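See structure below.
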Amino acid sequence: AGVDLDLQLDEPGAVVSADPMRLRLLLRNLIDNALRHSAEATARPEVFLRREGDGRLALGVRDHGPGVPEDQLAQLAQAFYRPDSARSRATGGVGLGLYLCRLVAQAHGGELRIRRAEPGLEVAMRWSPGA
C-alpha cells in the first residue's frame, strides 16, 4: 500500500555519485522510522534533498512525531540502541536502522545528522557528492 509523504527537492536534477542500493537502504530505514514514530501526527513525513550552507548535500527525512529527548540523540545511531519511548513490541525494530544509516553515510564519506525538529526528528545523510 502506498503512503503519503511530502517530497522537497532543492536540487532537482542534481547528479551525484552514490551507491543506489545503499541510498535505497538509507531512505527505506528513515521513512519506516518516520512512519512508525509519527503515526499519530497530522503532518506527513517529509523526504528531502537539499544543499546545505557548507555546500554539502543532505538527503533525509523529517517526521512530526513526539521526537526524542536531547540527551538521547547522540545514542540513536548506535547498534541496538532504542530509546525508552521505542522499547515496546508494538513499535517493532531492534535498533539497527539508524546504525545502518550511519554506515551508509560513512561509506559515502559523510555523516548521519540527527536533530530535533520540534515536533519530531530530522535525520539526514550529509556528504559532498563530488568528493
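Tabulated values for the structure
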{"read-out": "Accessible area per residue in Å² at 1.4 Å probe, computed on the chain", "value": "58"}
{"read-out": "Förster radius 41 Å - calculated FRET efficiency between Leu5 and Asp71 (Cβ-Cβ, nearest 0.05)", "value": "0.90"}
{"read-out": "Estimated [θ] at 222 nm from DSSP helical runs (n ≥ 4, -39500 (n - 2.57)) normalised by residues in the chain, nearest 500", "value": "-7000 deg cm²/dmol"}
{"read-out": "With DNA, RNA and ligands ignored, accessible area of Asp71 (1.4 Å probe; Å², nearest 10)", "value": "120"}
{"read-out": "Point-to-point label distance, Arg24-Ser128, nm (Cα→Cβ direction, 7 Å offset)", "value": "3.0"}
{"read-out": "Acute angle (nearest 10 degrees) that the helix 20-37 long axis makes with the longest principal axis of the chain, alpha-carbon atoms", "value": "30"}
{"read-out": "Exposed-site-free run, longest, the chain (rule: GluC sites (Glu not before Pro); DSSP loop; at most 15 other C-beta within 10 Å)", "value": "53-131"}
{"read-out": "Share of carbon and sulfur in the accessible heavy-atom surface of the chain [1.4 Å probe, %]", "value": "50"}
{"read-out": "On Cα atoms only, tilt of 97-107 relative to the major axis of the chain in degrees", "value": "20"}
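The values are calculated or read from the model by the stated rules, or taken from the named source; none is laboratory data. Bear in mind the structure is a predicted one, so any value in this text is a computation, not a measurement. Don't worry about glycine lacking a Cβ; one is built from the backbone with ideal geometry, like all the others, and counts go over all protein chains shown. All accessible areas refer to the heavy atoms of the entire protein, side chains included, with ligands and DNA or RNA removed. Shrake-Rupley method; radii C 1.70, N 1.55, O 1.52, S 1.80 Å.
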